[in-house]
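Visitor: This is the structure I have questions about; it appears just below.
The values are calculated or read from the model by the stated rules, or taken from the named source; none is laboratory data. Bear in mind the structure is a predicted one, so any value in this text is a computation, not a measurement. FYI the Cβ positions are ideal-geometry reconstructions off the backbone, even for glycines, and counts take in every protein chain you see.
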């Protein structure tokens, strides 16, 4: 298209000052490579039958997400605890997206994300329980504090890159877990804290839809951010920070921005997590949780929102063996290899991860790419999303 | 105050011996595969569990149990290299890091599952009793043995890296392609490095396990957590220096003990706070490491 018509927007940007123009084209090229939105000259259009089939699948997906957990039009009788797991899955998806901003978009890895989530949870709990304010006030405060702590930590330590930065976040996570969350006046200590839910969302079913709404909001913000100038700058600097900075992109400022955004998302997830469990103890936010957050993001597929959400949901359900109970597999697993359901996630999860990164470096996002393409009204192509397109770029080290 | 400081230093040095063992393994693997090995501490816990099974459940003699534990650790190290690191050798560092974290989590999961009936375990010490008490800090024979083993291991490594096999490892780590051209099998070198590193991790596990009761994930985030201090020790040595990792481990052990001084008694988790602040200061002021003369080329 662009070669034949000189009046396309991409051509006209050539008229801009050279630095600006180069930056734009560089960024657009990166976006295209990632999203693969531009196809060949003759776009494929499915027939009526194809549209109906796609519509049916979309309806089925919508039913699973919206109706199934609320027991609307559902053949299963899901109990309250099952819906609790669904809420947890939605919250984990928010956390996964937050980590995706960091690992996926900027290529810096955070091993202390449980601290970010924990700060959000405890600030929100403090505002609701100790200050007696509403949940709707607590979430912005938690988000602000989460963003602030990310900004502080980032400002101090972002001059380190790659694995060294990961090490700082690891130390920060342990520091938060043992020292910050050990302050009894703030967290309520080992005894924990009982956090009431917001008015109108007390029961588990309505609370699930609240989590879903937050997830949708985070997804939307993430999508819009990545389409902005800052988002394109992030993608450029991940590919090569030196080239990016020679095009006038302030590498440090944009990485810090991504860090703050990630902190805000994680705090919102934490605030919801505090409400979801209704009983909050510092022990929840251990290093193991941070590892699980990283696993679910990478297994989901970096830079692939749908993949990250699916990966997070799978890992949230794998914890405590919920998925096994839902599928009624306890008997089979126990009798064949003697694996009790509550250890299913702990044992199978990491093995799943190792298989994913050795066989499909693009994660779930890569595996579902053919279906995702088809659902968006294209031809079914089993080779969609092959490795070259989802190449995982290096952490700067 | 002086007594208290003395206790902190003595305790720190003996606690730091475990960190130094872990750090030596981390440095070895970083030099060989360029990856921060998050499974390093898990080699130790796996070895500890295997030794426990041999000694307590199967009633083997102590030395046989220890050997079994170390063998299990080495087997795990070799399996990690073959099944995870080798297939991922061309992928990015973040993928490799996630891979080793996955190995650690898988090991922890299996330990949780297998120790379900009796989550908290304890193992007898090699030699019971207290060796001596400088400043009133009780140093057990177990601590002393750990320290001696660390020194022996460090000397053995120093000698080994001057032997032909050791030189081959160093050559392959510095320039893989050139090493292959002169007939060094990079594959065998990689396996050897992971085996030695896993042996060091296993030593850290079986020697520090009897000090306390242990659970699954003991060395990674349990009571005897040595993963983060081990990493910090390795960073102090600039990630590539073996003597640096050794002294770094001892120093980190002492710094952590300073967090338990009585002036910090109002703060919970003082040790973790000291470690975090210390790491920040070191990385900001001397990112190339404390014990390195000139900056290590990237």
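Visitor: For the condition in contact with a helix residue (DSSP H, G or I) (Cβ under 8 Å, 6 or more places away or on another chain), within 14 Å of another protein chain (Cβ to nearest Cβ) and assigned to a loop (DSSP other than H, G, I, E, B), what is the one hit in A:182, A:200, A:173? Full working, then the answer.
Guide: Working: A:200 fails: within 14 Å of another protein chain (Cβ to nearest Cβ); A:173 fails: assigned to a loop (DSSP other than H, G, I, E, B).
Matching residue, one of A:182, A:200, A:173: A:182.
Visitor: Read through the list (1) in contact with a helix residue (DSSP H, G or I) (Cβ under 8 Å, 6 or more places away or on another chain); (2) surrounded by fewer than 24 Cβ atoms within 10 Å (Cβ to Cβ), then give the number of the only condition that residue B:57 fails.
Guide: (1)
Visitor: Of the residues A:148, A:133, which is away from chain B (no Cβ under 11 Å) and at pLDDT below 90? Before the answer, list the steps.
Guide: Details: A:148 fails: at pLDDT below 90.
Going through A:148, A:133 in turn, the sole match is A:133.
Visitor: Might you let me know whether region A:263-282 holds any residue that is within 12 Å of chain B (Cβ to nearest Cβ), modelled with pLDDT under 85, in a helix (DSSP H, G or I) and more than 27 Å from residue A:136 (Cβ to Cβ)? Give the steps one after another, and end with the answer.
Guide: Initially, region A:263-282 is screened for residues within 12 Å of chain B (Cβ to nearest Cβ), giving A:282.
Checking the rest, the ones that are also modelled with pLDDT under 85 come to A:282.
Within this subset, residues satisfying the condition of being in a helix (DSSP H, G or I) are A:282.
Filter once more, so that each one left must be more than 27 Å from residue A:136 (Cβ to Cβ): none.
Checking region A:263-282: not a single residue is within 12 Å of chain B (Cβ to nearest Cβ), modelled with pLDDT under 85, in a helix (DSSP H, G or I) and more than 27 Å from residue A:136 (Cβ to Cβ).
Visitor: Right, next: Would you check which residues across region A:206-225 are surrounded by 14 or more Cβ atoms within 10 Å (Cβ to Cβ) and more than 12 Å from residue A:276 (Cβ to Cβ) and list them?
Guide: The initial filter retains those residues of region A:206-225 that are surrounded by 14 or more Cβ atoms within 10 Å (Cβ to Cβ), namely A:206-212, A:214-215, A:218-219, A:221-222, A:225.
Within region A:206-225, A:206, A:209, A:212, A:215, A:218, A:219, A:221, A:222, A:225 meet the criteria.
Visitor: Would you point out the residue of region B:78-92, among those that are facing another protein chain (nearest Cβ under 7 Å) and within 17 Å of residue B:104 (Cα to Cα), that is modelled with the lowest pLDDT?
Guide: The first filter runs over region B:78-92 and keeps only residues facing another protein chain (nearest Cβ under 7 Å), leaving B:84, B:87-88, B:91-92.
So of that shortlist, the ones also within 17 Å of residue B:104 (Cα to Cα) come out as B:84, B:88.
On the way: B:84: 89, B:88: 83.
The qualifying residue modelled with the lowest pLDDT is B:88.
Visitor: Could you figure out which of (1) assigned to a helix (DSSP H, G or I); (2) surrounded by fewer than 20 Cβ atoms within 10 Å (Cβ to Cβ); (3) more than 10 Å from every other protein chain (Cβ to nearest Cβ) isn't true of residue B:113?
Guide: It is condition (3) that residue B:113 fails.
Visitor: Something else about it: Can you pull out the residues in region B:204-234 that are within 14 Å of chain A (Cβ to nearest Cβ) and over 21 Å from residue B:246 (Cβ atoms)?
Guide: B:215, B:216, B:217, B:218, B:220, B:221, B:222, B:223
Visitor: At least 3 residues that are without any contact (Cβ under 8 Å) to a residue 24 or more places away in the chain and under 21 Å from residue B:213 (Cα atoms) in each: list the helices (runs of 4 or more DSSP H) lying fully within region B:1-94 that qualify. It would help to see each step written out before you state the result.
Guide: Numbers: elements: B:2-33, B:40-52, B:62-80.
Per the criteria, B:62-80.
Visitor: Pick from region A:367-395 the residues that are in a helix (DSSP H, G or I) and at pLDDT 80 or above: which of them is surrounded by the most Cβ atoms within 10 Å (Cβ to Cβ)?
Guide: Of the residues in region A:367-395, the ones in a helix (DSSP H, G or I) are A:367, A:369-375, A:387-390.
With the extra rule that they be at pLDDT 80 or above, the set shrinks to A:367, A:369-375.
On the way: A:367: 17, A:369: 24, A:370: 17, A:371: 14, A:372: 16, A:373: 17, A:374: 18, A:375: 16.
By that ranking, first place goes to A:369.
Visitor: Another question, if that's okay. Please determine whether any residue of region B:40-52 is away from chain A (no Cβ under 14 Å) and more than 18 Å from the chain's Cα centre (by Cα).
Guide: Checking region B:40-52: at least one residue is away from chain A (no Cβ under 14 Å) and more than 18 Å from the chain's Cα centre (by Cα).
Visitor: Moving to a separate point now. Might you let me know whether region B:134-153 holds any residue that is exposed (fewer than 13 other Cβ atoms within 10 Å of the Cβ) and either within 14 Å of another protein chain (Cβ to nearest Cβ) or in a loop (DSSP other than H, G, I, E, B) (or both)?
Guide: No, the conditions are met nowhere in region B:134-153.
Visitor: So, in region A:289-329, exactly how many residues are within 14 Å of chain B (Cβ to nearest Cβ), farther than 17 Å from residue A:111 by Cα and at pLDDT below 85?
Guide: 7
Matching residues to (1) without any contact (Cβ under 8 Å) to a residue 40 or more places away in the chain; (2) crowded, with 18+ Cβ neighbours inside 10 Å:
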| position | (1), (2) |
| --- | --- |
| B:205 | no, yes |
| B:209 | no, yes |
| B:234 | no, yes |
| B:259 | yes, yes |
| B:267 | yes, no |
| B:286 | yes, no |
